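The values are calculated or read from the model by the stated rules, or taken from the named source; none is laboratory data. No experiment lies behind these values; they were computed from the predicted model shown. Using ideal geometry, Cβ is built from the backbone for each residue, glycine included, and neighbour counts are taken over all protein chains shown. SASA here: full protein model, heavy atoms, side chains in, ligands and nucleic acids out. Shrake-Rupley method; radii C 1.70, N 1.55, O 1.52, S 1.80 Å.
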Amino acid sequence: MANATLLVVDDEELVRWSLRERFRREGYTVVEAATAAAALEQIAGSVDLVLLDYRLPDVEAMKHGAYHYLNKPFNLDDVALTVEKALETSRLRREVRAYRSSQSREFSFESIIGSSPAMNAAKALLVRIANSPASTVLLTGETGTGKDLAAKAIHFNSVRAAKPFVNITCSALPEQLLESELFGHERGAFTDARQQKRGLFETADGGTVFLDEIGEMTPGLQAKLLRFLEEKTFKRIGGLTDIRVDVRVVAATHRNLEEQVKAGKFREDLFYRLQVMPVMLPSLRERRGDIPLLVDYYVDRYNREFRKQVRGVTPEALVLLEQYRWPGNVRELRNAIERSMLLTDKRLLGAEDFSTLSRTAVTATFRLPPEGVNLEEVERQLVVQALERTGGNQTHAGHLLGINRDQVRYRIEKFGLAKREFTNGRSTGVVSPAPA
């Protein structure tokens with residue numbers, strides 16, 4: 001690291017001269033001190049590294065945390081190499097601290113957008129969990145509700161923030177590979193295991209392991225995970241020694257694990273072990289009041305990313321976004337805004353910029369009347385209206401209803417609509433029964 005500033009602290013003038021001349025030739029800035037008291041005054045300035053005489057009588061407090069020790073008489077080449085390595089280590093540590101600081105800001109609880117009662121309740125629970133010693137957390141909710149963001153917020157706002165956050169999607173790998181990723185393996189444990197490998201639990205010691213889609217984990221791995229959660233120890237594949245680590249496990253799933261337990265697809269004991277600290281993240285349908293905030297957030301974000309100057313959305317577009325059902329939740333909303341901003345050259349996004357959402361937006365306006373409804377009759381009327389609007393075209397009717405052509409045919413048979421004529425003013429069609 002040329003241009004770095006070195007402080008040489010030694011009561012021997014010849015030693016200081018030798019080091020000063022060597023490091024100045026290599027492009028370093030060198031300052032000197034004969035005593036620790038004088039050195040402390042120098043450190044008040046900008047000093048990157050200190051070369052300190054261990055034998056000075058007044059440096060006991062400065063001996064602690066030394067990067068390396070060199071015996072006198074020393075070889076200047078050895079000193080130069082040690083200085084280079086120490087500066088590189090210092091640089092990497094600063095980068096790691098800066099990265100972790102940026103991660104803490106990016107994944108603060110304020111970065112979870114939403115002020116609705118449902119979201120405020122979820123965030124309050126996440127804050128309490130982050131500040132607690134809880135070793136297991138279970139995040140549930142539909143796909144796209146932000147479980148990964150919640151897991152990172154828990155980690156980066158806890159005492160574990162300085163340690164690693166590692167994550168893996170349990171559905172992404174076959175059982176043996178997933179087991180190796182989690183627990184590691186010894187050399188020769190299986191074919192292609194040519195060297196020892198540390199698993200994620202070992203790598204994340206002191207930090208957090210995020211297990212996404214834990215509902216997809218195989219029964220064999222569920223048993224091994226349960227043992228780890230109970231005992232905090234594990235063996236690498238092919239290993240004989242128990243390895244003890246301290247990690248917080250945050251598991252997430254969009255599945256109903258209670259139903260999975262009843263169906264025999266998920267271990268009951270593991271479910272209850274994870275259920276100690278459960279958090280349900282609300283769907284976007286349960287917090288529609290947050291949609292304007294989310295829209296503003298993503299418009300600002302993609303303005304910066306795409307170098308655009310979109311001011312927001314029109315009132316008509318906002319109504320459309322607020323009425324849409326959002327089966328993909330916040331992730332779908334983010335993708336919709338990203339797509340619209342990529343294609344627009346306007347200052348305001350209109351309803352036409354979200355045309356892919358318009359077909360199902362109307363379903364969100366339905367409200368159950370106080371006297372109730374006959375659900376079968378409502379379904380029948382919707383199918384009839386869709387067929388009338390499309391002149392009996394079953395494929396187009398399916399688009400209006402958000403179902404496929406086979407599902408439309410099933411309802412035609414169910415409600416006795418076969419051979420009925422439908423006219424939409426432009427075309428007329430006769431619905432035929434499905435072929436046998």
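Give the carbon-plus-sulfur fraction of the accessible surface of the chain in %, rounded to a whole number; probe 1.4 Å, heavy atoms of protein chains only.
On the way: 12170 of 24370 Å².
Accessible surface attributable to carbon and sulfur in the chain totals 50 percent.
Do any of 123/232; 85/235; 224/262; 197/224 go past 23 Å between their Cα atoms, and which? Display every interim value, and only then the final one.
On the way: 123/232 28 Å; 85/235 35 Å; 224/262 20 Å; 197/224 18 Å.
Check vs 23 Å cut-off fails for 123/232; 85/235.
For the chain, report the accessible area per residue in Å² (1.4 Å probe, heavy atoms, rounded to an integer).
Numbers: 24370 Å² over 436 residues.
Using a 1.4 Å probe on heavy atoms only, each residue of the chain averages 56 Å².
Among 374, 271, 356, pick out the residue whose Cα is farthest towards the positive end of the charge dipole of the chain, where Lys and Arg carry +1 and Asp and Glu carry -1 on C-beta, about the Cα centre.
After comparing all options, I get 374.
If you take the C-alpha gyration tensor of the chain, multiply each eigenvalue by 5 and take the square root, what semi-axes do you get, largest first, in whole Å?
Working: eigenvalues 761, 177, 76 Å².
Working through the eigenvalues yields semi-axes of 62, 30, 19 Å.
Before rounding to the nearest 500, sum -39500 (n - 2.57) across all DSSP H runs of length at least 4 in the chain and divide by the residue total; then give [θ] at 222 nm in deg cm²/dmol. Before the final figure, lay out each step's value.
On the way: 18 runs with 196 residues, N = 436.
Calculated from helices alone, the mean residue ellipticity at 222 nm is -13500 deg cm²/dmol.
Once you've got the GNM for the chain with C-alpha springs shorter than 10 Å, pick whichever of 37, 124, 204 has the biggest mean-square fluctuation.
37
Starting from the Cα of residue 414, draw a straight line to each of the aspartates and glutamates and keep only those under 16 Å, dropping any in the same chain fewer than 8 residues away.
Counting by Cα, and skipping residues close in sequence, residue 414 has these aspartates and glutamates nearby: 376, 377, 379, 406.
Using r as the Cβ-Cβ distance of residue 12 and residue 193, and R0 as 41 Å, what FRET efficiency do you calculate, to the nearest 0.05? Spell out each step's value before the answer.
On the way: r = 55 Å, r/R0 = 1.34.
E between residue 12 and residue 193, to the nearest 0.05, is 0.15.
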